[in-house]
Protein chains: 2
Amino acid sequence: MSHRAAPEHTHPDDVPLLTALAALADPVRMRLVRELAGAEDWSRACGSFDVHVRKAALSHHFTVLRGAGLVEQRDDGARRFNRLRRGEFDARFPGLLELVLRGD
Amino acid sequence: MSHRAAPEHTHPDDVPLLTALAALADPVRMRLVRELAGAEDWSRACGSFDVHVRKAALSHHFTVLRGAGLVEQRDDGARRFNRLRRGEFDARFPGLLELVLRGD
């Protein structure tokens, strides 16, 4: 049994543009978003990403992504699974995810 | 006569997406970009914007905007005038300026 509180989410409709831009303007978070975009919903646990940051930092990055309406999370036992909120985020900020996902 | 060095510019084509996002993810710089979008090219001097920051901070913000390919500047005596590089930036990052300029 996990003793963590369930993650709190912010719907993209409630996210200011500044918050969305700041969430994406970070190399680790951009990487997380890109990897999530290439994966099936709920297939990726938080520890499965190819980023080299400590657990506390990774947890912070996911908090920022949730707060920007980019990621939805749910716990399954000790693991926390993710999906990119692609449709909702696209509806709120058309074209922004596309820029991030096209590479540079 | 101005003793300042002429401002250095970065063309949007040479700007990484992370740099563009970070430049726009700031309330003062977003305000500067929005005001510039509503003004004729070269009509706005640096001191003419409705932002409440010290001169050194404002100078830093314009440096960031130049470095992100968002703003072009040229000096006329003691004043430095600005234009938004709308066409070039749009070509490099389609839709990004539109999100910023539509308001929130």
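Just so it is clear, none of the values below were taken in a lab; they were calculated from the coordinates. These numbers come from a predicted model, not from an experiment. All Cβ positions, even for glycine, are placed from backbone atoms using ideal geometry, and neighbour counts span all protein chains on display.
Sparsely packed loop sites in segment A:38-104 (the chymotrypsin sites (Phe, Trp or Tyr not before Pro) outside DSSP H, G, I, E and B with at most 16 other Cβ atoms within 10 Å) comprise A:W42. A helix-only calculation puts chain B at -12000 deg cm²/dmol for mean residue ellipticity at 222 nm, using -39500 (n - 2.57) for each DSSP H run of at least four residues, averaged over all residues.
Relative to the other identical copies, A:H60 shows label-point distances of 1.9 nm, where the label point lies 7 Å from Cα along the Cβ direction and values run shortest first. Once the other residues with Cβ under 12 Å from the Cβ of B:F93 are scored (Lys, Arg +1; Asp, Glu -1), what is the net sum? Overall, the nearby charge balance is -2.
Along segment B:65-78 the Karplus relation, 6.51 cos²θ - 1.76 cosθ + 1.60 evaluated at θ = phi - 60°, assigns HN-Hα couplings of 5, 5, x, 9, x, 8, 9, 10, 10, 8, 8, 9, x, 7 Hz to successive residues, with x for each Gly and Pro.
How large is the translational diffusion coefficient of the protein assembly as shown in µm² per second when you combine the Kirkwood radius over alpha carbon pairs with Stokes-Einstein at 37 °C and 0.692 mPa s? Here the translational diffusion coefficient equals 177 µm²/s.
Here the relative contact order of chain A, from alpha carbon pairs under 8 Å that lie six or more residues apart, stands at 38 percent.
Computed about its Cα centre, the charge dipole of the protein assembly as shown is approximately 600 debye, with only Lys, Arg, Asp and Glu carrying charge at their Cβ.
Per residue of peptide A:18-26, the mean number of Cβ atoms on other chains within 10 Å of the residue Cβ is 5.
Sorted shortest first, the distances from the A:G47 label point to those of the same residue in the other copies are 6.0 nm; each point sits 7 Å from Cα along Cα-to-Cβ.
Applying 1/(1 + (r/R0)^6) with R0 = 22 Å to the Cβ-Cβ distance of A:T63 and A:A91, what FRET efficiency is obtained, to the nearest 0.05?
Numbers: r = 23 Å, r/R0 = 1.03.
FRET efficiency, A:T63 to A:A91: 0.45.
Label-point spacing for B:G77 across the identical copies (point 7 Å from Cα in the Cβ direction), in nm and ascending order: 7.5. Pick from A:H11, A:H60, A:H52: which residue has the top mean-square fluctuation in a GNM of chain A where Cα pairs under 10 Å get a spring? Fluctuation is largest for A:H52. Between the alpha-carbon centers of segment B:67-104 and segment B:1-66, tell me the distance in whole angstrom. Spelled out, the Cα-based centre of one part sits 8 Å from the other.
Across chain A, the longest run free of exposed loop sites, meaning GluC sites (Glu not before Pro) lying outside DSSP classes H, G, I, E and B with no more than 14 other Cβ atoms within 10 Å, spans A:41-104.
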